[in-house]
Amino acid sequence: MKRAYRYRFYPSPDQAEQLARTFGCVRYVYNRALAERSRVWIQEQRRVTHAEADRWLTGWKREPETAWLAEPSKGPLQATLRNLQAAYVNFWNKRAKYPTFKKKGKTTDSATYFRNCFTYRDGKITLAKQDQPLRIVWSRPLPHTAVPSQVTVSRNSRGQYHISILVETTVHEGPATDAAVGIDLGIASLVTLSTGKKIANPRHERRDSEKLSRAQRTLSRKKKGSANRAKARAKVAKICGRIWDRRRDALHKLSTKIIRENQTVVIEDLSVRNMIRNHSLSRAISDAAWSELRRQLEYKAAWYGREVIAIDRFYPSSKTCSACGAIAEKLPLNVREWTCRCGARHDRDINAARAILAAGLAVSACGDGVRPPRS
């Protein structure tokens, strides 16, 4: 199984300058190839293959105006053409929108190096066209027998550098268990389990909301293109990045705990994109990051031999009595507890989690009412 390990690293001034030139060349090649492919389609009504785009790159390196494309390693330039080809394949298969241009300062700078474009010796990684190894903060060790097959270096809007190391490794499945859990996602409680346990929503954005609002107002007053606007934008990015780091860390801890303790995890197939159109709840829903939690549950389940079942998004889990199966006619959002006609009294969220679990187990047994995984 291929697995990526991500670390923070601190480049020297020379390495930072060389990476900046590489990021610029990668962005230029991607944008020029996208423009040429779009032109060919408009004028000739034909699709450009990856091999043809690769020949374009060779010609661009020989042109006097773009001879500087030969300065960085060839690996990142070839990798960006592969990424563009994958973007077109996703567009043709209606999995994504048409590829867009990369703009400096708007997109994350990144460059991918294949196996022949870097060296890995004694736990140190040296990129092509660089004399010294990267100063990586090894927050966790790589598997002892793993050999990196590809690395991706990136620089985010906060000026932080990260390296993602792809290795072939074996993930040992967790101990077998018969435990199954249903999960009801919410805002007041981020997660309600069918066991009756509720996990409070940390509301990471609220903690820095005042600082973020103040920084955004300062940014809006700065003149576009000025140095002060760039500084204000960096401050906003720093606050947003700190919020995202806390949110991602909490979701990783939660998803890992759920996967380790349960063999089967049942969730709802929520349409978060449509739900955030509700302006009164959009900010809270975005801060909860339900889609990210589901993504983590699905890929960690594949690692450890667990099963994640997504029931149909239109299943009335909140209105379905987990004791007798009766469906209430109306159940407004402000009603947090209700009594079924069978006499059972329910907490809205716990009852929904138990109904989700029952529906998921029925799906697992009968194969009905389930949506395919997003992957």
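Which of the residues belonging to the stretch 140-156 are in contact with a helix residue (DSSP H, G or I) (Cβ under 7 Å, 6 or more places away or on another chain) and over 16 Å from Pro11 (Cα atoms)?
Ser149, Gln150
Would you point out the residue of the stretch 108-126, among those that are polar (S, T, N, Q) and touching a helix residue (DSSP H, G or I) at 6+ places or on another chain (Cβ under 8 Å), that is surrounded by the fewest Cβ atoms within 10 Å (Cβ to Cβ)?
Selected residue: Asn116.
For the stretch 282-295, check the following and say yes or no: at least one residue is in a loop (DSSP other than H, G, I, E, B) and in the same structural domain as Ile199 (by TED's automatic domain parsing).
To start, the set of residues in the stretch 282-295 that are in a loop (DSSP other than H, G, I, E, B) comprises 289.
Still in the running and in the same structural domain as Ile199 (by TED's automatic domain parsing): 289.
Yes, that holds for at least one residue.
Limited to the stretch 240-269, what total is found for residues that are buried (at least 19 other Cβ atoms within 10 Å of the Cβ) and more than 16 Å from Ala289 (Cβ to Cβ)?
5
Can you pull out every residue in the stretch 19-57 that is crowded, with 19+ Cβ neighbours inside 10 Å and either in contact with a strand residue (DSSP E or B) (Cβ under 9 Å, 6 or more places away or on another chain) or closer than 30 Å to Asp245 by Cβ (or both)?
Of everything in the stretch 19-57, those that are crowded, with 19+ Cβ neighbours inside 10 Å and either in contact with a strand residue (DSSP E or B) (Cβ under 9 Å, 6 or more places away or on another chain) or closer than 30 Å to Asp245 by Cβ (or both) turn out to be Leu19, Thr22, Phe23, Cys25, Val26, Arg27, Tyr30.
Assuming Thr339 fulfils every condition listed in (1) without any contact (Cβ under 8 Å) to a residue 12 or more places away in the chain; (2) buried (at least 17 other Cβ atoms within 10 Å of the Cβ); (3) of a type in the set (Val, Ile, Thr) apart from one, which condition is it?
Status for Thr339: all satisfied but (2).
Output yes when any residue across the stretch 348-355 is in a loop (DSSP other than H, G, I, E, B) and either touching a helix residue (DSSP H, G or I) at 6+ places or on another chain (Cβ under 8 Å) or modelled with pLDDT of 85 or more (or both), and no when none is.
No, every residue in the stretch 348-355 fails to be in a loop (DSSP other than H, G, I, E, B) and either touching a helix residue (DSSP H, G or I) at 6+ places or on another chain (Cβ under 8 Å) or modelled with pLDDT of 85 or more (or both).
Among (1) small (Gly, Ala, Ser); (2) touching a Cys at 6+ places or on another chain (Cβ under 8 Å); (3) surrounded by 14 or more Cβ atoms within 10 Å (Cβ to Cβ), where does Ala326 come up short?
(3)
Residue pairs, Cβ under 6 Å, 6 or more apart or interchain, first in the stretch 89-118 and under 22 Å from Arg155 (Cβ atoms) and in the same structural domain as Arg32 (by TED's automatic domain parsing), second small (Gly, Ala, Ser) and assigned to a helix (DSSP H, G or I). List them.
Pro99/Ala87; Thr112/Ala79; Tyr113/Gly75; Phe114/Gly75; Cys117/Gly75
The values are calculated or read from the model by the stated rules, or taken from the named source; none is laboratory data. Note that the structure is predicted; figures quoted are calculated from it, not measured. Neighbour counts run over all protein chains shown; Cβ positions are idealised from the backbone, glycine included.
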